[in-house]
1. Kirkwood hydrodynamic radius, the stretch 160-281, all distinct C-alpha pairs: what's the number in Å?
2. When ligands, DNA and RNA are left out and all protein chains stay put, how many square angstrom of accessible area per residue does the chain have with a 1.4 Å probe?
3. When you have a sec, figure out the Kirkwood radius of the stretch 1-81 from all distinct Cα pair distances and drop it here in Å to one decimal?
4. At 7 Å along Cα-to-Cβ for each site, give me the label-to-label distance between K372 and E151 in nm.
5. Could you calculate the FRET efficiency of E380 with A5 from 1/(1 + (r/R0)^6), where r is the beta carbon distance between them and R0 is 22 Å, rounded to 0.05?
6. Calculated FRET efficiency, E114 and D178, Cβ-Cβ r, R0 41 Å, to nearest 0.05?
7. Filter the chain for me: DSSP H helices, axial length by Cα at least 15 angstrom, mean Kyte-Doolittle hydropathy not below 0.0. List them by residue number.
8. Along each of its three principal axes, how wide is the spread of alpha-carbon positions in the stretch 43-122, in whole angstrom units, largest first?
Amino acid sequence: MMVIANKEELTRLVEETVAQVPITDIHTHLFTPEFGPLLLRGIDELLTYHYLVAEVFRWIEMPYEEFWRLSKKEQADLIWRVLFLEHSPVSEACRGVLTVLKAFGLDPGARDLEEYRAFFAALPVETHVERVLQLSGVARLVMTNDPFAPEERAVWLDEYRGDPRFCAALRLDALLNDWEGACRKLGEWGYKVASALDPAAMAEVRRFLNDWIKRMNPVYLAVSLPPDFLWPEDSARARLIAEAVLPLAAEHGLPFAMMIGVKKLVNPGLRLAGDSVGKAGIETVERLCASFPRNKFMLTMLSRENQHEGCVVARKFGNLLPFGCWWFMNNPSLVEETTRMRVELLGLSFVPQHSDARVLDQLIYKWAHSRKNIARVLSEKYADLWETGWRPTAEEIRRDVAGLFGENFWRFLGYGGKAA
Ligand code: FIX
Ligand code: ZN
């Protein structure tokens, strides 16, 4: 048992352990190379990430459609010029691009976009995937898989082979947030559903879910939800959750991940960058956890104002796993604030972060930045323990950190802490 001599050594050990721990990234928008163009990678995708699209429109007066008519390269050139050369790239998403360049051994100080393009263009996709997983320290990641997305659906229906490091998550936004549209699609696919969701139709929805759980073997079911999400409610969404999604999730032992607080397309001209945030009512989460004690729920909330009550509700329900600093929460100041709050209220029984990476290379910066922010909070908390006379051992710190960055998730899924 390695005894730690002093607080300085304690801090060094915490930082080193967090820097090296293999990560399970429990929510991304990445894909295996089998999905072809759905796997976004390289400098032009990094520069046209929707976070940077939103930021560039704070400086330019170009009509949205004129921007969208530009090629990906032209959009990237514009964003590079405005957000990196004409203004210092201090935002989290801008800094992230530079962190990626540096990790690959490129020189951000050269500011040579053509050199960066040539580097990424020379990377075969399989090599690129291996390099990014190695540089980011991500051992396993969870994709976001939508059976209603035509280009993705085709891959699943064509004998998808997969990669054990890329787990699936069955994403249900189309089913739950647009029942009328989903009803039409399900009908085309041979499910005998009706808009009115009579018992026979609900049974067909369950058959659809079963079919895709068998096809995808997801580690959880997920949905993003608006701030005014309510349950119970006289709505198709509320009935589908209670009579189809949760019974199937319980039957298969799968968590239901609720990502609450997104206001879709408040500015449609920005497309994917046009979504915003709203404070949700925590009562709905309380009612679901209390009403479905056999189900496991994962929860991430988009509004900073929901974070404290999100911690408190997790203290009330052991079948709820809070996770991540989602989207507008994924900034150093808020990652530290939220992680500090969670440690103080929940101990180590949560998952502090996911990357939400949409571009392969983002795994590098999202995790490099988050590891530092989370390590800073953990060092502070272990130092507070030290002040009481408690002496954490190196093994205990390694155990705790392994839990936060993956094993808590696998244990919650019922895999006893080790990945499936
Ligand atoms: O619903 C989600 O999974 C969100 O993360 C995305 O829709 C969002 O565009 C995103 O990538 C945020 O980081
Ligand atoms: Zn996401």
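The values are calculated or read from the model by the stated rules, or taken from the named source; none is laboratory data. Predicted model only: the values in this text are computed from it and were never measured. Cβ sites come from the backbone with ideal geometry, for glycine too, and all protein chains shown count toward neighbours. Quick note on the areas: whole protein, heavy atoms, side chains included, nothing else; ligands and nucleic acids left out. Shrake-Rupley method; radii C 1.70, N 1.55, O 1.52, S 1.80 Å.
1. Values: mean 1/r = 0.0644 Å⁻¹.
This gives a value of 15.5 Å.
2. Values: 17760 Å² over 420 residues.
Each residue of the chain exposes 42 Å² on average to a 1.4 Å probe.
3. Numbers: mean 1/r = 0.0598 Å⁻¹.
Kirkwood radius, the stretch 1-81: 16.7 Å.
4. 3.3 nm
5. Values: r = 19 Å, r/R0 = 0.86.
About 0.70, to the nearest 0.05.
6. Approximately 0.45, to the nearest 0.05.
7. Working: long enough: 7-20 (20 Å, -0.68); 92-103 (16 Å, 0.76); 125-136 (16 Å, 0.04); 199-216 (25 Å, -0.33); 332-346 (20 Å, -0.11); 362-387 (38 Å, -0.67).
Correct list, ordered by number: 92-103, 125-136.
8. 37, 26, 18
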